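Have a look at the structure below, then the notes.
The values are calculated or read from the model by the stated rules, or taken from the named source; none is laboratory data. The structure presented is a predicted model; accordingly, all values stated were derived computationally and were not measured. Here the Cβ positions follow ideal geometry from the backbone for every residue, glycine too, while neighbour counts run over all protein chains shown. Side chains are part of the model used for accessible areas, which takes the heavy atoms of the whole protein and leaves out ligands, DNA and RNA. Shrake-Rupley method; radii C 1.70, N 1.55, O 1.52, S 1.80 Å.
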Amino acid sequence: MANEMNELELFNSRLIRLGTVTLLAGIAANFLPAIYVFLRYGAIPPASDLMKTWLMVAAAFGVGWVVQPISFFPLLGTSGSYIAWLAGSVADLRTPASTMAQRTVNVEAGTLEGDLISTIGISTSVFVSVAIITIFTFVGSTILPLLPEPVKASFNYILPAVFAAVYADLSIKDVKFGLAVFATCILATVIGNKLKIGTGWMYLVAVISGMVLGVVFFRMGEKKRQSS
């Protein structure tokens, strides 16, 4: 077990160095189109407008910048997290790909084997999604208008369905813990709606509550094993 932990720490330390460089390069690449427009056409918004836009985005998504990496990391692993956040679509594509890959080969998330399998699953999903997006970029604008309205309306439920599938798959491992997390999320939603708290803050409360419940259930399980 100690040898496995040493290998995992060494593996993660190398991934962090490589992943940091890769993400910084990705962030820099995001500015290339704006830099080209500025150098080619001399167009650039005022600094005040840029700051207002940043503040609006931070107000809407700032909580998610902290909550989402924490909530998805246990499933994705170190390398999977870097790939997922660089490629995007973490919740609706990368997380299910990671979960199903680990389940197919019967490995646990958070282990060296789990991280490796998660990386393979997420990497494969990137290639598949890029291929599908490329195809639909050319033909989607022609096909989508032809679909019936109920079919187009059903697209709004794709992300909740994906979350529900991942939750159900993970809850099978510990039904009591899954029900406790579900009840906590419902309670946080009800209280948050009454107090008119933003969705992002309710999301943060749900994630922290799930982490606390995870520690409580783990310790309870350890006590039962020791007593038996």
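With all protein chains present, calculate the accessible area of Ile133 using a 1.4 Å probe and round the result to the nearest 10 Å².
Ile133 has an accessible surface of roughly 110 Å² with all protein chains in place.
Over the stretch 136-200, consider all pairs of different Cα atoms and compute the Kirkwood hydrodynamic radius from their mean reciprocal separation; express it in Å, one decimal.
Details: mean 1/r = 0.0666 Å⁻¹.
Across the stretch 136-200, the inverse of the average 1/r is 15.0 Å.
Computing the accessible area with a 1.4 Å probe over protein heavy atoms, can you report the carbon and sulfur percentage for the stretch 168-228?
Working: 3330 of 4640 Å².
So the carbon and sulfur contribution to the accessible surface is 72 percent.
Mind checking which helices in the chain clear 15 Å along their axis (Cα) and have mean Kyte-Doolittle hydropathy of -1.0 or more, DSSP H runs only?
Working: long enough: 2-30 (41 Å, 0.39); 47-87 (39 Å, 1.06); 95-105 (16 Å, -0.25); 112-143 (45 Å, 1.57); 158-171 (20 Å, 1.66); 175-195 (30 Å, 1.57); 199-227 (42 Å, 0.56).
Helices meeting the criterion: 2-30, 47-87, 95-105, 112-143, 158-171, 175-195, 199-227.
Cα centroids of the stretch 68-104 and the stretch 111-161: how far apart, whole angstrom?
Using only Cα atoms to place each centre, the spacing works out to 14 Å.
Rank-order 95-102, 182-189 by packing density, defined as the average count of other C-beta atoms within 10 Å over each peptide's residues, highest first. If you can, show how the numbers build up before the last one.
Values: 95-102: 22.0, 182-189: 15.1.
The peptides rank, most packed first, as 95-102, 182-189.
Report Rg(Cα)/(2.2 N^0.38 Å) for the stretch 124-172, keeping two decimals.
On the way: Rg = 14.3 Å, N = 49, 2.2 N^0.38 = 9.7 Å.
Rg over 2.2 N^0.38 Å, computed on Cα atoms: 1.48.
Net charge near Ala188: determine it from the other residues with C-beta under 14 Å of the C-beta of Ala188, scoring Lys and Arg +1 and Asp and Glu -1.
Here the charged neighbours net out to +2.
Of the residues Leu24, Leu86, Leu50, which exhibits the maximal mean-square fluctuation in a Gaussian network model of the chain defined by a 10 Å Cα contact cut-off?
Leu50
If I model the stretch 66-188 as equal point scatterers sitting on the Cα atoms and use the Debye formula, what is log10 I(q)/I(0) at q = 0.12 Å⁻¹?
Taken in order of the listed q values, log10 I(q)/I(0) reads -0.54.
For the chain, what is the calculated [θ] at 222 nm in deg cm²/dmol (nearest 500), taking -39500 (n - 2.57) for each run of four or more DSSP H residues and dividing by its residue count? Walk me through the numbers on the way to the answer.
On the way: 9 runs with 193 residues, N = 228.
Calculated mean residue ellipticity at 222 nm is -29500 deg cm²/dmol.
What's the ranking of 14-23, 115-124, 205-214 by average number of surrounding C-beta atoms within 10 Å, highest first? Present the calculation step by step, with values, prior to reporting the outcome.
On the way: 14-23: 13.5, 115-124: 21.3, 205-214: 16.4.
The densest-packed peptide leads the list: 115-124, 205-214, 14-23.
Roughly how many Å² is the accessible area per residue of the chain, as a whole number, for a 1.4 Å probe? Please report the intermediate quantities before stating the final value.
Working: 15940 Å² over 228 residues.
Normalised by residue count, the accessible surface of the chain is 70 Å².
Where a Cα-Cα gap under 23 Å defines reach, which lysines qualify for Lys176, not counting those fewer than 8 residues away within the same chain?
Lys223, Lys224
Where the only charges are on Cβ atoms (+1 Lys, Arg; -1 Asp, Glu), what is the dipole of the stretch 99-206 about its Cα centre, to the nearest 20 debye?
Working: 6 positive and 6 negative charges, 86 e Å.
I would put it at about 420 debye.
Report, to the nearest whole %, how much of the accessible area of the stretch 25-87 belongs to carbon and sulfur atoms, 1.4 Å probe, protein only. Don't skip to the answer; put the middle values down first.
Values: 3340 of 4390 Å².
Looking at the stretch 25-87 in its full context, I get 76 percent from C and S.
Starting from the Cα gyration tensor of the stretch 1-113, multiply each eigenvalue by 5, take the square root, and state the resulting semi-axes largest first in whole Å. All intermediate terms of the calculation are to be shown ahead of the outcome.
Details: eigenvalues 252, 54, 34 Å².
Three semi-axes, in Å: 35, 16, 13.
Answer with one residue from Ser209, Gly88, Val162: the one whose Cα lies farthest towards the positive end of the charge dipole of the chain, charges on Cβ with Lys, Arg +1 and Asp, Glu -1.
Of the options given, the answer is Ser209.
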